Amino acid sequence: MRKTTSAVAALSSAALTIALAGPAHAGLYGIDDPQDTFHGSDILALQVRNGPENLNVTTFHSGLRRDPATGSGGRVYVDTNRNDAGPEYVFVAGFTRGTDYQFLKTEGFRPGQWGKPVANGDYIMRVRYDKDLVRFRMSRAALGNPGSVRVSVVASGTRTDGTSHGLVDWVGTRRSFTPWVARG
């Protein structure tokens, strides 16, 4: 718990500094997520780095677990086009042992709007259970080499009885995006 509290406190300070500096020019954006789901998929904070080679999105969680029974997983929606409302890409992943991930083109937030896997460029996801975090990395080639991006992130899980009501955690409000983050 102390490790998580320290990481969140440090990220909170960084997020405040970044917000005051203006995220559009920072190449980095961080935010605390006050909504609690009381489950291993609960997102405490989000960090977005739009670097010269990759877009890196890190989610910080409370009690992330390997056990597949938790059904823990998430999605990172990436918007690369200011003139087209909604995301162009979605990174879909399980956060438990034995699950996989995909990076897909999309026309919106609903699974029925998801398209084919991205064919060009690299992407990877790493779960760090010891640090309660998940890192998503997408190459600029996979994203079509955009200048600025914004992301929307959601995580969810399943109770032991198979229900998931109340275990969906969007960073911010449902389907809301971070501010645009310029390549930095």
Problem - Selection from the range 155-184 of residues that are at pLDDT below 85 and within 17 Å of Val57 (Cβ to Cβ) - result: Ala155, Ser156, Asp169, Trp170, Val171, Gly172, Gly184
Handout entry: Matching residues in the range 87-126 - criterion: being surrounded by 14 or more Cβ atoms within 10 Å (Cβ to Cβ), outside any loop (DSSP other than H, G, I, E, B) and either among the small types (Gly, Ala, Ser) or touching a His at 6+ places or on another chain (Cβ under 7 Å) (or both)
Key = Ala93, Gly94
Exercise for the section: Go through the range 47-86 residue by residue and tally those that are assigned to a strand (DSSP E or B) and more than 25 Å from Gly184 (Cα to Cα). Expected result: 3
Practice task
Please work out if Arg140 is more than 15 Å from the chain's Cα centre (by Cα) and modelled with pLDDT of 90 or more.
Solution key: yes
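The values are calculated or read from the model by the stated rules, or taken from the named source; none is laboratory data. Keep in mind the model is a prediction, meaning the values are calculated, not measured. Backbone-built Cβ (ideal geometry, glycine too); neighbour counts: all protein chains shown.
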